[in-house]
1. In nm, to one decimal, how far is the Y299 label point from the N35 one, both placed 7 Å along Cα→Cβ?
2. Using a Gaussian network model of the chain whose springs link C-alpha atoms within less than 10 Å, name the residue from N29, N109, N38 with the highest mean-square fluctuation.
3. How much accessible area per residue does the chain have, in Å², with a 1.4 Å probe?
4. For the chain, count all C-alpha to C-alpha pairs, find those more than 29 Å apart, and express that count as a whole percent of the total.
5. Please work out the C-alpha center-to-center distance from the stretch 93-161 to the stretch 265-312 and express it in whole Å.
6. Quick check on the chain: helices-only [θ] at 222 nm, where DSSP H runs of length 4 and up contribute -39,500 (n - 2.57) each and the sum goes over total residues. Nearest 500, please.
7. Is the stretch 14-128 best put as rounded, prolate or oblate by its Cα gyration tensor, with a ≥ b ≥ c the root eigenvalues, rounded for a/c under 1.5, and otherwise prolate when a/b is larger than b/c, oblate when not?
8. Between L269, L383, L367, which gets the highest mean-square fluctuation from a Gaussian network model of the chain, Cα cutoff 10 Å?
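The values are calculated or read from the model by the stated rules, or taken from the named source; none is laboratory data. Please read these numbers as outputs of a predicted model, since none were measured by experiment. Every residue, glycine among them, receives a Cβ derived from its backbone with ideal geometry; neighbour counts consider all protein chains shown. Only protein heavy atoms, including side chains, enter the accessible area calculation; ligands, DNA and RNA are left aside. Shrake-Rupley method; radii C 1.70, N 1.55, O 1.52, S 1.80 Å.
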Amino acid sequence: MKNPFIKMATGLYISYFILGMINIIIGSNMENLSNQLNTSASGISYLVSAIGIGKLVSLFFAGRLSDKLGRKPFVVSASFIYLIFLIGIPLAPNYTLAFIFAVCAGIANSFLDAGTYPALIEAFQKKAGSATVLVKAFVSIGAALLPFIMAFFIARDMFYGYTFFLMAAVYLVNGFFLLKVSFPDHKAQSQTQNDKQAVPVQQQFLSKPKFAQEGLAVILLGFTSTALFMLVQVWLPNFGQDVLGLTQAKAVQLLSYYSIGSLVSVILLAVLLNKVIKPITVMIIYPVIAALSLLSLIYIQQPFITVLSAFFIGLSTAGVFQLAMTIITEFFPANKGTITSYVNIAGSSAFIIIPFITGIISKSAGLTAVFLFDVAIAAVSILLAVFVAYRYKKVIKVSN
């Protein structure tokens with residue numbers, strides 16, 4: 001029998017397809033926005049921090065309200081709140097208004113997450129993992145496509161805001177579409193979960209997990225894994241122009257190669273995870289690849305190496321945050337909702353802190369220093385992941 005929630009899933013994936021574009025739209029238009037708002041590149045990077053502020057503030061209540069009111073109100077609201085950002089930013093007459101519009105994008109992001117993930121899990125209970133992994137796939141596809149859309153408008157010397165308006169039109173149509181489709185009954189799902197929890201499944205441990213050790217380490221990985229890709233999404237086009245000497249169109253296309261790498265990573269993880277490689281192993285290997293790729297991008301300034309570096313940076317930074325969420329629930333299975341919210345808050349904090357810090361670094365030391373800072377973040381990620389792997393062997397009893 002055909003799943004009755006296919007239409008709902010289609011609408012949700014379209015929302016994340018456009019979100020993939022939104023994630024890189026500020027960094028891709030840094031020069032245009034700097035001129036429009038009469039500010040520096042570091043000032044534009046703070047707009048990304050504003051998105052993080054909106055996301056972090058609304059994160060504290062969006063999930064709880066989604067459990068009470070249902071999933072549809074939040075995903076539909078997200079579509080229409082994004083219109084404020086997408087129409088407002090290109091038309092903003094000053095920096096203050098642009099900052100407010102960016103905060104709205106963060107709120108919309110939280111609302112979309114709060115409704116989408118539970119809705120997909122409830123609609124596709126037997127294939128929940130695949131359904132949620134596809135979210136990241138559509139984000140990557142959207143991010144890969146945006147530079148080509150921008151190149152179309154740039155080649156015709158058209159207003160950069162048309163890219164924003166095109167995305168707004170899709171959200172408008174999709175918002176009304178989601179308003180009409182069926183969503184699972186979240187109250188019925190909650191009751192089913194309560195019935196299942198009446199007979200708890202005991203997780204087997206070799207020793208008691210310690211929140212102050214592995215718990216905190218995984219939460220910090222939530223921060224560093226987000227910081228790694230956040231920095232690249234914000235600064236890669238500028239790095240391509242100012243350091244590598246590329247044209248704006250070519251510099252923005254580096255984000256396409258980065259996004260293709262992200263998409264490949266999602267596919268690889270969906271196929272190989274737990275069958276061939278364990279999440280904790282990926283958590284160690286990926287930051288190593290990221291550090292080497294970043295160093296290649298900085299010091300081997302050859303066209304082919306630049307493209308290859310961008311691809312491998314995308315590959316090695318995609319999916320790590322989701323793996324952190326998975327691993328922390330293995331350590332602390334009794335309070336999944338609470339414990340994963342800590343990782344989510346850490347990741348959202350990176351949206352605020354990283355653009356702010358890198359804005360200061362770019363102004364005082366230049367863009368090369370910004371990317372060396374990303375290498376340092378990758379090194380910290382490796383150390384954290386090695387410690388978590390050590391504790392994993394000490395704590396979790398792995399069945400043969």
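1. It works out to 3.6 nm between the two label points.
2. Residue with maximal mean-square fluctuation among N29, N109, N38: N38.
3. 45
4. Of the Cα pairs, 42 percent sit more than 29 Å apart.
5. Here the two parts' Cα centres lie 23 Å apart.
6. Dividing the helical sum by the residues of the chain leaves -28500 deg cm²/dmol.
7. Judged from the Cα gyration tensor, the stretch 14-128 comes out prolate (a/c at least 1.5, a/b above b/c).
8. L383
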